[in-house]
Amino acid sequence: MRYPDSVAKSAEYLRLALPLMTKQRSALHPHSYAVWYEFVSGRNPRLAEALAEQTRDGAGLTEAQTAALYQHHVAQPGLDPEEAQRVSDSLSRVLENMASSAAHAGDQTARFDQSLLLWSSQLLDAAQDEQAELLQALMAGTREMRAAMAQLQQRLDANQAEIAALRHEVSQARSEALVDALTGLGNRRAFEQQLAQCLSREHADTAAPCLVLGDIDFFKRVNDSYGHSFGDQVLRAVADSLKSLAPQPHLVTRVGGEEFALLLPASNLLEAQQLAEQLRSKIAASRIRRGAPLASATVPLERVTLSLGVTQLARGESANDFFERADRALYASKRSGRNCVTVLAARAA
């Protein structure tokens, strides 16, 4: 285990790391958590030296600098994604505890302030003339205490707002880390995480997962002829078609420039082939025009087609072998003239 610290020690490290992370120009992300966690824990002297150099004179780290620090000083010899995510999850729990504590302290401060006001009024009402001077001094101290309570409440309110913003940013960063910004589909990281989960399950009573890889034919020609903005429109339109035909529990992801992957956790090879053919035929029957999504009734400007490869996971097979066989099936479709589906069973690979 890379991080054997106790829960209490981890929470303390994360509290120390939090204000350092918020000063940077990079977004909160599991890699950022890992970098600053290692820094405050003192376990990585070379990372500390690199951070001191790059943050000299108050400079904040960019996304690229944070990624480079992670790769050079944390990921080697190897912090796997699960451990990076564990650091992220720990920070989220710390933020939740901080928010709860701030809210509780704020409630107590407000109640004490109300009590001070009530006690002061009652003392004045019951005071005798000879006690007035003493009560005036007491009231002055009470007003000072109430002013201090008000300032504390303001700080607690500000802390709660900051914590709420940080929690939102953590949640958003976690979501964005698994989503392709252009299409809204899962990205390659999401695909790899889901694939790892599929491989970790037993499939004795259910069909082993199937994988469909699809690639837009002659996509470079689309970009060269109509520009990258139109190419982005094509990618979004194809993504929408894939999502509509492959709802959950299927996972639809964009794993490369114009390459899409569909992970089918509970479909047999024939069902996967039929779904791939539905996808191919829907895309092929559609036409695309500038400023409009794929639709068969539009005036044709460019015909978009999809080549697909289909395979099924073999027992005991690695993720890499599974993906490579689907990739070979995809390129067999390319060699066969494109706009077709090729099925490659494990025994035939």
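Observations on the model:
- Heavy-atom accessible surface of F219, to the nearest 10 Å², is about 20 Å², with a 1.4 Å probe and all protein chains retained.
- As a fraction of the 1.4 Å probe accessible area of region 191-251, surface on carbon and sulfur atoms comes out at 49 percent.
- For region 215-285, dividing the convex hull volume of the Cα atoms by the residue count gives 82 Å³ per residue.
- Heavy-atom accessible surface of D57, to the nearest 10 Å², is about 150 Å², with a 1.4 Å probe and all protein chains retained.
The values are calculated or read from the model by the stated rules, or taken from the named source; none is laboratory data. Everything quoted here is computed from the prediction, not taken from an experiment. The accessibility values were calculated without ligands, DNA or RNA, using every heavy atom of the protein model including side chains. Shrake-Rupley method; radii C 1.70, N 1.55, O 1.52, S 1.80 Å.
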